[in-house]
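What follows is calculated from the coordinates using simple rules that are stated; it is not laboratory data. Values in this document were obtained by computation on a predicted structure and should not be read as measured data. Using ideal geometry, Cβ is built from the backbone for each residue, glycine included, and neighbour counts are taken over all protein chains shown.
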Amino acid sequence: MSSLVTIRFIECHNQLRDRGRVRSSRQFALALDYLPQSLSEMIKGRRDVTIELIRKAVALYQFNPGYLFTGEGPPFLQQEVPPEVRTLTIVTDSNSHERIVHVPASAQEAYAAEAGNPAFVQQLPTYTLPDQAYQKGTYRSFDIANNSMEPTLVPGDKVIGLYVAPAQWTTAIKDNNVYVVVTHHDVSINRVVNKIAEDEYIELHSDNNMYDRQPLLIDTIREVWHVRSRLSNILPDSAHQRNHQLQEQITVMQQLLEEQSKQIQRLLGHTAEFSKPTDGKHINKQH
């Protein structure tokens, strides 16, 4: 007999299917990296839900863990405002020219929660860039706060992203490009795989292999920014110096290998002389 947690999990699954949020139980299972056959066994009462499956369902489909484990509260966590009614706060100068809003690492958690609050956004630092490329469209910059995108982006770098309107997410978000994705709880800077057309979610991928991929249902996303530029604290001279040092180390290693190779050849030569066979002639000594 199925546990109460499993029964509530199945109820949430049924609501998703009835509302058209998922097309089928198979699509639901595959989106969670779960075998459709195992989900079928669960629905039939022959298998209980696992903690890992609950974790994925909470992250991707906003299942409410409080409801699953206690039966209290709504089946789903509070959803974001529909994309079509979201607004974006911009900051302009005295000449009505738009400025780039910068979100420091220390403000990113608050930004995720307050992105729709004009008063909060207007308190963030702003600046302009002379390049004409930044005169069209809305741009925002963000600090790199962790090592999930190393070696491409490192803590201390800043990325400048072009705003992608929600109505364009399905086609404008390109696989394996880098985006800033803002949810109600977090600011993530990752490569993105777009699965919106098929399954209404995206996957965040890190360049650092220590991080797992992260699925995000589009209902949980507040903003998407396509990363177009990077500002780095690592100066070209520093990079050149490191490359020069590396080249010197390679040169020293090559010289050592060449010297060792010569020594080996000399040793082989001496060994050959020592073991050289005689011509077979005998010397007769006179007594």
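Between residue 11 and residue 152, the modelled labels are 4.2 nm apart [label points 7 Å from Cα along Cα→Cβ]. Ordered by the count of other Cβ atoms within 10 Å of each Cβ, fewest first, 98, 223 give 98, 223.
For the modelled label position 7 Å from the Cα of residue 197 along Cα-to-Cβ, which residues of the stretch 138-170 have backbone nitrogen atoms closer than 15 Å? Hits in the stretch 138-170 for residue 197 at 15 Å: 168-170. Taking 0.36 nm per residue of separation and subtracting the current Cα-Cα distance, fully stretching the chain between residue 119 and residue 207 would add 28.2 nm. If you line up the long axis of helix 4-18 against the longest principal axis of the chain, both from Cα atoms, how many degrees apart are they, to the nearest 10? Relative to the chain, helix 4-18 is tipped by roughly 80 degrees. When all alpha carbon pairs of the chain are counted in 5 Å bins from zero, the resulting P(r) reads 1, 5, 9, 11, 12, 11, 9, 7, 6, 5, 4, 3, 3, 3, 2, 2, 2, 1, 1, 1, 1, 1, 0, 0, 0 %. Once the Cα atoms of helix 236-274 and of the chain are each reduced to a long axis, what angle between those two axes, in degrees from 0 to 90 to the nearest 10, is obtained? On a 0 to 90 degree scale, this one is about 30. Ranking 149, 34, 97 by how far each Cα lies toward the positive end of the dipole of the chain (charges on Cβ) leaves 34 at the top. Neighbours of residue 143 by Cβ distance under 9 Å: Lys/Arg scored +1, Asp/Glu scored -1, total 0.
In the chain, helical runs assigned H by DSSP with n ≥ 4 each contribute -39500 (n - 2.57); averaged across all residues and rounded to the nearest 500, the mean residue ellipticity at 222 nm is -11000 deg cm²/dmol. When 142, 76 are arranged by Cβ crowding within 10 Å, least crowded first, meaning fewest neighbours, the order is 76, 142.
In this structure the amide hydrogen of residue 103, modeled in the peptide plane, comes within under 5 Å of the amide hydrogens of 141, 142, 143, none closer than 5 places in sequence on its chain.
For the pair residue 262 and residue 33, what calculated FRET efficiency results from E = 1/(1 + (r/R0)^6), where r is the Cβ-Cβ distance and R0 = 51 Å, to the nearest 0.05? With R0 = 51 Å, the Cβ-Cβ based efficiency is 0.35. With neighbours defined as other Cβ atoms within 10 Å of a residue's Cβ, the residues 89, 251 order from fewest to most as 251, 89.
Between residue 175 and residue 72, the FRET efficiency from the beta-carbon distance, with R0 = 45 Å, is close to 0.65.
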